[in-house]
Amino acid sequence: MTSVILETKRLILRPFEESDAPAFGVAMRDSNITETTMFGPPARTSEEGTAQALERIADFSAHWRKHGFGIFGAFDKATDALVGYCGLRHLEEFDGDVHISTMVDRPYWSGGLAWEIFRRNLEYAFVERDFDVVHGTARTFQTASMHVMEKCGFLRQSDRTLRDWPVCYYKCSREAFLAQHVIYLMKRLGDVDQDPSAQLLSGTPPPTEEAGADKVSLGR
């Protein structure tokens with residue numbers, strides 16, 4: 001496995017372990033989550049949810065071993081509760097493009113946590129790993145997810161199909177992300193006016209951002 005651990009103001013991001021399966025399995029019983037991240041029905045029982053979670057954890061772990069990066073579980077610093085996940089992975093359905101995948105569990109849909117882990121993973125991709133491009137997908141009805149990507153510099157490409165479902169396909173270049181990163185750093189140094197767009201990388205959503213933007217789940 002890997003020793004990579006990331007932090008945000010409120011969360012610890014680390015690779016999943018098998019012991020996380022019961023907590024992860026709770027999300028596997030939520031149709032809103034499974035239909036937008038796995039494109040499938042929810043688990044019917046807690047045992048089935050845990051089994052599905054173990055399968056996903058095994059898949060995530062295999063990706064980490066093969067590529068050296070992958071999906072992080074997101075855990076509350078204060079309580080160690082599982083909040084969701086976010087990370088980078090190759091999607092074979094799209095010629096191995098590197099995609100960012102995000103899920104925030106229903107109890108944490110308010111407070112900007114989706115924005116927080118999404119932004120931190122983009123920093124990891126472009127600043128710490130020097131990736132050139134990261135892609136993202138969202139079901140056509142996931143307007144909150146699309147809004148988050150666009151605010152972070154993603155540009156919509158031609159729509160595509162994933163598991164027989166139409167999806168909106170997005171692309172963010174390293175240059176586009178770093179340009180926003182510079183704006184953020186300059187704001188923190190007091191060299192520019194308080195522009196809401198410069199808060200993209202501040203760890204919290206802009207003050208005009210609706211709480212519903214936390215209802216984010218991207219890709220697989």
Estimated distance in nm for a label pair at S3 and R44, the labels positioned 7 Å out from Cα along Cα-to-Cβ: 4.6 nm
Subtracting the Cα-Cα distance from 0.36 nm times the residue separation, let me have the gained length for S173 to R129 in nm, one decimal. 14.5 nm
Per the Kirkwood formula over distinct C-alpha pairs, the hydrodynamic radius of region 91-149 in angstrom is 12.7 Å
Translational D (Stokes-Einstein, µm²/s) of region 81-184 at 37 °C and 0.692 mPa s when Rh comes from the Kirkwood sum over C-alpha pairs? 232 µm²/s
Interchain or sequence-distant (5+) residues whose placed amide H lies within less than 5 Å of the amide H of F72 are C86, G87, L88
Tell me the label-point distance for the pair E55, N32, using the 7 Å Cα-to-Cβ offset, in nm and rounded to one decimal. 2.4 nm
Once phi is turned into θ = phi - 60°, what whole-Hz ³J(HN,Hα) does the Karplus curve with 6.51, -1.76 and 1.60 give for every residue of region 171-181, x standing for Gly and Pro? 9, 10, 8, 4, 4, 5, 5, 5, 4, 6, 4
Once the piece of chain linking E93 and A81 is laid out straight, how much longer is it, given 0.36 nm per residue of separation minus the C-alpha distance between them? 1.1 nm
Model label zone, T143; criterion: amide N under 14 Å from point 7 Å along Cα-to-beta-carbon; scope region 115-136: none
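Quick note: the coordinates plus some simple rules give every number you see, no bench work behind them. Everything quoted here is computed from the prediction, not taken from an experiment. Glycine also receives a Cβ, built like all others from the backbone with ideal geometry; neighbour counts cover every protein chain displayed.
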